[in-house]
Amino acid sequence: MIADTLDQRLTSALSVLETENRRRRPRTVESMPSAHTRSVGRDIVNFASNNYLGLAEDPRVIEAAAQAQRRWGIGATGSRLMGGTLALHEELERALARFKGSPSALVFPSGYHANVGMIPALAGADDTVFLDRLAHASLVDGARLSKAHVRVFRHNDPDHLDHVLGRMRGGGERWVITESVFSMDGDRAPLKDLAAVCAKRGARLYVDEAHATGVWGPGGRGWINEQGVVDRVDVCMGTLSKALGSQGGFVCGSTALIQWGINRARAFIYSTALSPGAVGGALAALAFCENEENRRIRLFSLSDRLWTGLGLKGKGPIVPLILGDDGRALSLSAALWEGGVFAPAVRFPTVPKRAARVRFSVTASHTPDDIDRILAVVNRWIKMNGQIERGI
Ligand SMILES: Cc1ncc(COP(=O)(O)O)c(C=O)c1O
């Protein structure tokens, strides 16, 4: 006999989260979630989105998505292997493969699906997965689902990876899994060195380019491309849901890899195919992403202004202001909100304990004034609450 009702148990667990400053609540956005939008009845500058190039609100992308819906309908109506594969999906897969310089590509309903589908398709109980300590939850979940042994190496530390791989005994495949641009820190993985360690130790390399696609590398082809390691990465994963402004995930690699995914990735096989509107929008966004370098130039110039203004060293649109303490991160985020800036406080378990931060996500649709508005609020907050000790 269980003493409490489910609601009593959950209510009490929620109040524990509240006391620990860990309770999460979505904040409703009431108009298009572009750089300037409305939320909870007020005009705000939105630094919470991953719409790095501003393509989510581009009228040409919206029109392409609408046209795809008119032609193909709202839903794909089935999983990819059960009638849901539209010629439009295959067109996007060809475009992504060409964009990333890979022989082949496979589109998933989301980036999360791509990781929790592909990792267990590749690694099994006899194998070992080596994860960067800060790897995204979808990579961790993929590794857990695979039933492989999981080892963690220090963040962006090829020497430590080498050490951990060197201590491994026994058979099975070794998979090294990392993000190329880290979602909560914005820093980049030393892919050349990681690839060299993998080659030395006979490990395979799986790289998540969710935050690199569209932002880094020539034409936004990603950090793998920028680092010149396309041929040394076994699996390149990405998402359509950030710089490309749409929805969906993808994996690029050899033709055999993609055929294996089609046959073994459960999140691909057992989920309805991506909706035609998302595919049509992504196809258009991909073309603009490649050809409109001015968006990236603007994005990097605005991000530089923020990094410098905050007195931090770093590059790129993900700018974390690390406060450490959950309460202080919440307080700064609330002050920003009062000043008309939406920038969420990110806390454990999204980031490690005592590494709470306010994460700013700059987009090409922001203005220098928007950046200066952040700086004004942060400086006021520091005067009242004391210096921010940590940066990255
Ligand atoms: C590093 C990383 N990988 C994967 C994902 C999942 O992508 P999606 O939002 O398309 O499911 C995200 C997004 O949250 C991410 O930050």
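I'd like to check something: does region 174-184 contain any residue that is farther than 21 Å from Met118 by Cα and within 11 Å of the ligand (Cβ to nearest atom)?
Yes, some residue in region 174-184 is farther than 21 Å from Met118 by Cα and within 11 Å of the ligand (Cβ to nearest atom).
Of the residues in region 209-232, how many are open to solvent by 20 Å² or more (accessible area, probe 1.4 Å) and either over 14 Å from Gly186 (Cβ atoms) or away from the ligand (no atom under 16 Å from the Cβ) (or both)?
9
Identify, please: which residue in region 15-28 is open to solvent by less than 70 Å² (accessible area, probe 1.4 Å) and without any contact (Cβ under 8 Å) to a residue 40 or more places away in the chain and is, among those, nearest to Asn294 (Cα to Cα)?
Restricting to residues being open to solvent by less than 70 Å² (accessible area, probe 1.4 Å) and without any contact (Cβ under 8 Å) to a residue 40 or more places away in the chain, the top hit is Leu17.
If Lys200 satisfies every condition in (1) more than 13 Å from the ligand (Cβ to nearest atom); (2) closer than 30 Å to Arg169 by Cβ; (3) touching a strand residue (DSSP E or B) at 6+ places or on another chain (Cβ under 8 Å) but one, which is the exception?
(3)
When you scan region 70-110, how many residues do you find that are open to solvent by 30 Å² or more (accessible area, probe 1.4 Å) and touching a Gly at 6+ places or on another chain (Cβ under 9 Å)?
Total satisfying the criteria: 7.
Tally time: how many residues in region 123-133 are more than 16 Å from the ligand (Cβ to nearest atom) and crowded, with 20+ Cβ neighbours inside 10 Å?
So the answer is 3.
Kindly provide the set of residues from region 32-69 that are among the basic types (Lys, Arg) and buried (at least 22 other Cβ atoms within 10 Å of the Cβ), ordered by number.
none
Condition first: outside any strand (DSSP E or B), more than 16 Å from the ligand (Cβ to nearest atom) and either open to solvent by 40 Å² or more (accessible area, probe 1.4 Å) or of a type in the set (Lys, Arg) (or both). Now tell me which residues in region 139-156 satisfy that.
Of everything in region 139-156, those that are outside any strand (DSSP E or B), more than 16 Å from the ligand (Cβ to nearest atom) and either open to solvent by 40 Å² or more (accessible area, probe 1.4 Å) or of a type in the set (Lys, Arg) (or both) turn out to be Lys147, Arg154.
(1) within 16 Å of the ligand (Cβ to nearest atom); (2) touching a Gly at 6+ places or on another chain (Cβ under 8 Å); (3) closer than 29 Å to Glu290 by Cα: which one isn't true of His136, the others all being true?
So His136 meets the others, but not (2).
The values are calculated or read from the model by the stated rules, or taken from the named source; none is laboratory data. The shown structure was predicted, so the numbers you read here are calculated from the model rather than taken from an experiment. When we count neighbours, we look across all protein chains shown, and the Cβ atoms used for this are built from the backbone with ideal geometry, even at glycine. The accessibility values were calculated without ligands, DNA or RNA, using every heavy atom of the protein model including side chains. Shrake-Rupley method; radii C 1.70, N 1.55, O 1.52, S 1.80 Å.
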